[in-house]
Amino acid sequence: MPNRIEPYQDCPAMRAELASFLADHLEDGPEQAQWLERLAHWWDENPHAGDSPERGWVLREGRVLVGFLGLIPVRYAWRGQPVQALIATSWIVKPGCRNAALPMGMKLQRLASTHLLLDSTPSLEVQALISRFGWVGEMRARRTLLPLGTLGRLFAKLAGQQWPTLPKGRRITTAVGEVHSLARPWQEMGRLEKWTCPASLRWYAAARMRQHQFLGVVDEDGRLTSCLWLTRRSRCGIQLWMLLESFSTEADDAELRALASALVRREVRLPGPPAHLLSLLAFPQDSRWKDIRGLIRDEVLVCHFHALPSALKDVPKHTVMAEGDFGL
């Protein structure tokens, strides 16, 4: 029976069929009900879903669904203007049908002429394919580990680490609902980076696949100036908070360091058992946290790929862990 690729046409019946297929064919993945929640998060709750009608493609063998490559619309900023972006996600194909699914990759690549494309969870086969298409792979991030609590205070004192405090009239919050506005949706005009607004913050906080812990600085009117996104990790029984993103519209990093200090000194209460370490991650082009003294400073392997649209080929891109479908 011939195979055919067609655009995914979202509707309740199609979504139910897709959720069933994904639950059946992704080993150790979400159940069908969780997939339905995840699809709703991508396309119904996403504040930037209306930026693009693209939702991906399905592969059919006759009438039977045997493959899917999804797209999640998101928004980026360049010189103060919004840039359309699409996250490639969940390229899942029934065994025996993979060759028939390869044209999906070509369809995805054609969108690179007009969209920023992102993929932060590609399989090894997909990595090889999109690398041939010219996607940029960012495979390493810089890590600094800081102890928290009493040990963190002692380590900072011995290392001579000076932590700044917040300006008068600003405070720390862990609730995205307390953010009513931002100075602007980007940090620096001269690079391509995520568009950040109150709606996008709430959307990321509500992600289905991972806890995303918000830690922000707001003024009396709920205007956000800086924030961190964290997620909980456990290594050999040691609890830690891993940094996913640093955002600030301030001229320096003082507020971001004040947030890190609040974690080190346990001056802010986060959900779950107390963590022992803070893992500060940054990509090589990001100078933040470079001069922070830590217990350990090393590199970790990551897997973030992107393709720039033709009009932005020579534009620098600011990359963070909280990109693509990493945690969505």
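The values are calculated or read from the model by the stated rules, or taken from the named source; none is laboratory data. Since we're looking at a predicted model, the values are computed, not measured. Cβ: placed from backbone, ideal geometry, glycine included. Neighbour counts: every protein chain shown. The accessibility values were calculated without ligands, DNA or RNA, using every heavy atom of the protein model including side chains. Shrake-Rupley method; radii C 1.70, N 1.55, O 1.52, S 1.80 Å.
Check Ser246, Ser234, Ser226 and return the single one that is among the small types (Gly, Ala, Ser), under 26 Å from Arg208 (Cα atoms) and in contact with an Asp or Glu (Cβ under 7 Å, 6 or more places away or on another chain). Full working, then the answer.
Working: Ser246 fails: in contact with an Asp or Glu (Cβ under 7 Å, 6 or more places away or on another chain); Ser234 fails: in contact with an Asp or Glu (Cβ under 7 Å, 6 or more places away or on another chain).
None of the others qualify; the one that does is Ser226.
Applying the selection to segment 163-193, what residues are part of a strand (DSSP E or B), farther than 21 Å from Arg257 by Cβ and within 19 Å of the chain's Cα centre (by Cα)?
The first filter runs over segment 163-193 and keeps only residues part of a strand (DSSP E or B), leaving 171-173, 181-182, 192-193.
So of that shortlist, the ones also farther than 21 Å from Arg257 by Cβ come out as 181, 192.
The answer is Leu192, and nothing else.
What residue, of Trp195, Trp163, is open to solvent by 30 Å² or more (accessible area, probe 1.4 Å), hydrophobic (A, V, I, L, M, F, W, C) and in contact with a helix residue (DSSP H, G or I) (Cβ under 6 Å, 6 or more places away or on another chain)? Walk me through it before giving the result.
On the way: Trp195 fails: in contact with a helix residue (DSSP H, G or I) (Cβ under 6 Å, 6 or more places away or on another chain).
Answer to the check: Trp163.
The rows are residues; the columns are (1) over 19 Å from Ala156 (Cβ atoms); (2) over 19 Å from the mean Cα position of the chain (by Cα); (3) loosely packed, with under 14 Cβ neighbours inside 10 Å.
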| site | (1), (2), (3) |
| --- | --- |
| Asp221 | yes, yes, yes |
| Trp241 | no, no, no |
| Glu250 | yes, yes, no |
| Ile296 | no, yes, yes |
| His304 | yes, no, no |
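Mind checking which residues of segment 264-285 are within 22 Å of Ala159 (Cβ to Cβ) and either over 23 Å from the mean Cα position of the chain (by Cα) or not hydrophobic (A, V, I, L, M, F, W, C) (or both)? Let's see the steps before the verdict.
Within segment 264-285, the first condition is being within 22 Å of Ala159 (Cβ to Cβ), and the residues that meet it are 264-268, 274-282.
Val264, Arg265, Arg266, Glu267, Val268, Pro274, His276, Ser279, listed by residue number.
What strands (runs of 3 or more DSSP E) completely inside segment 1-96 contain at least 3 residues that are touching a strand residue (DSSP E or B) at 6+ places or on another chain (Cβ under 7 Å) and open to solvent by less than 30 Å² (accessible area, probe 1.4 Å)? Steps first, please.
Working: elements: 3-7, 56-61, 64-78, 81-93.
It comes to 56-61, 64-78, 81-93.
Would you please list the contacts, defined by Cβ atoms under 7 Å and residues six or more apart or on different chains, that run from a residue in segment 220-237 that is outside any strand (DSSP E or B) to a residue that is open to solvent by less than 10 Å² (accessible area, probe 1.4 Å) and at pLDDT below 95?
Qualifying pairs under 7 Å: none.
In the set Pro316, Pro274, Pro284, which member is under 20 Å from Gly216 (Cα atoms) and surrounded by fewer than 21 Cβ atoms within 10 Å (Cβ to Cβ)?
Step by step, each of Pro316, Pro274, Pro284 is checked, and only Pro274 is under 20 Å from Gly216 (Cα atoms) and surrounded by fewer than 21 Cβ atoms within 10 Å (Cβ to Cβ).
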